[in-house]
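In what follows, a single structure is set out as structure tokens and then discussed.
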Amino acid sequence: MIYPWQQQQWQHIHQLLEADRLPHGMLLLGNQGLGKADFSVAMANAVLCQSPSDDHQACGRCKSCRLLAAETHPDLHYLSPKAPAKSKSKNPVMSIRIDDIRDLCETLNQTSLYGGYRVAIIEQAEYLTLSAANSLLKTLEEPGQNVLILLVTSRSNRLPVTIRSRCQILRFSTPDEDISLSWLQANQQNDVSADQLKQALKYADGSPLAAMHRLSQTEHQEVLTAAMTASVSGKNSLEYAVKLAQFTKTSTLEGMLSWVSDLARLLSCGPEIAITNEHERAKLQALAKKVNKQRLFRFQDQLNFNLLHGSIAVNEQLLWENLLLSWDNL
Ligand SMILES: [Zn+2]
């Protein structure tokens, strides 16, 4: 799928295909929630389709397209981070391992089953282990004919330079607000007001798909808001720890970080400054009056540490209890 904000990137692919100069390796870079993975699938479909349109988009009708729609095309391969086969941990270490890359490269070296391209999409490529990355490097350096490897990442700095330097980079940037808002409006299932759309987009740093996801996560947001404002509402925040443990850890941590940055903004720039959690401005202002800046930054470090070491197995209820306790004592 090509989203309205990806026209420029598609134009670039179109030109490469016209000139028959598609590189063997491409790195699709940009923030989360911009639809890079969908774009990579559209690219794969375009090169595998047997009768693409004039602007090189897949026809959706040929045999290849039907296999692609059924996710059974033998010349398209996907890799994404996986937990170790025998892991029983609730938060296992996710990675893309050397064995999977070896298998992939071996398949890419074989003749294509449909006589055209062989395509690999590696999602969240930053999860490649070092040995997997080294193994992939060989295929990126000497790919067979008609091989296309698409690496998708929102954290390219975690990829080895050697991999990055062997790929053509395709950047995706945050679209203008009006483009995102009209797309969200057109694709929203629920009854959501224009203000709520704006708010979700702001919270998602302008990424439309992340905003869409957020809109579907209303319950999570309500629990998080209740937990973060418990102390000013005269309630006990620890009661929310059990509930928070039901949601994705990363998005709760990111949500908490947005509260921290709102507080930091209010402290540094005064009550008029724009904030992310606009709907709770009054409570955030009340919090800002009692917060100690140093403790706030220590709390931010605590959140970032947990985000960075997200793979460490922890008792989540305990984690939220600790964090909420720190938050209440800022
Ligand atoms: Zn087709």
Original post:
Are any of the residues in the stretch 304-315 among the hydroxyl-bearing types (S, T, Y) and at pLDDT 90 or above?
Top reply: no
Subject >> Residue among S131, S64, S51 that is touching a helix residue (DSSP H, G or I) at 6+ places or on another chain (Cβ under 8 Å), closer than 22 Å to H24 by Cα, surrounded by fewer than 14 Cβ atoms within 10 Å (Cβ to Cβ) and of a type in the set (S, T, N, Q) >> reply: S131
Subject >> the stretch 166-181: number of residues that are in contact with a Gly (Cβ under 6 Å, 6 or more places away or on another chain) and surrounded by 21 or more Cβ atoms within 10 Å (Cβ to Cβ) >> reply: 2
Original post:
So which residues in the stretch 41-55 are more than 13 Å from M1 (Cα to Cα) and either away from the ligand (no atom under 11 Å from the Cβ) or outside the structural domain of W10 (by TED's automatic domain parsing) (or both)?
Top reply: D54, D55
**OP:** Name the one entry in G206, G255 that is assigned to a helix (DSSP H, G or I) and not hydrophobic (A, V, I, L, M, F, W, C).
**Re:** G255
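Residues checked against (1) surrounded by 18 or more Cβ atoms within 10 Å (Cβ to Cβ); (2) not assigned by TED's automatic domain parsing to the domain that holds D205:
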{"residue": "Q145", "(1), (2)": "no, yes"}
{"residue": "L148", "(1), (2)": "yes, yes"}
{"residue": "N157", "(1), (2)": "no, yes"}
{"residue": "W183", "(1), (2)": "yes, no"}
{"residue": "A194", "(1), (2)": "no, no"}
Original post:
What residue, among those in the stretch 98-113 that are over 14 Å from Y78 (Cα atoms) and surrounded by 15 or more Cβ atoms within 10 Å (Cβ to Cβ), is modelled with the highest pLDDT?
Top reply: I98
**OP:** Provide a single number: the residues in the stretch 123-162 that are touching a residue at least 60 places away in the same chain (Cβ under 8 Å), farther than 15 Å from L79 by Cα and in a helix (DSSP H, G or I).
**Re:** 2
Original post:
Mind checking whether some residue in the stretch 251-264 is among the charged types (D, E, K, R) and more than 21 Å from the chain's Cα centre (by Cα)?
Top reply: yes
Original post:
What is the residue count in the stretch 8-37 for residues that are of a type in the set (D, E, K, R) and modelled with pLDDT of 95 or more?
Top reply: 1
**OP:** Please go through the stretch 1-42 and pick out each residue that is under 18 Å from the mean Cα position of the chain (by Cα) and among the β-branched types (V, I, T).
**Re:** I2, V41
**OP:** Please work out which residue is nearest to the ligand (Cβ to nearest atom), limiting yourself to the stretch 72-96 and to residues that are over 25 Å from R158 (Cα atoms), modelled with pLDDT of 90 or more and not in a strand (DSSP E or B).
**Re:** H73
Original post:
Just checking, which of R66, R61 is within 12 Å of the ligand (Cβ to nearest atom), outside any loop (DSSP other than H, G, I, E, B) and over 28 Å from E126 (Cα atoms)?
Top reply: R66
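The values are calculated or read from the model by the stated rules, or taken from the named source; none is laboratory data. On a predicted model such as this, the values are computed, not experimentally measured, just so you know. Quick reminder, even Gly has a Cβ in these numbers, built from the backbone with ideal geometry, and neighbours come from all protein chains shown.
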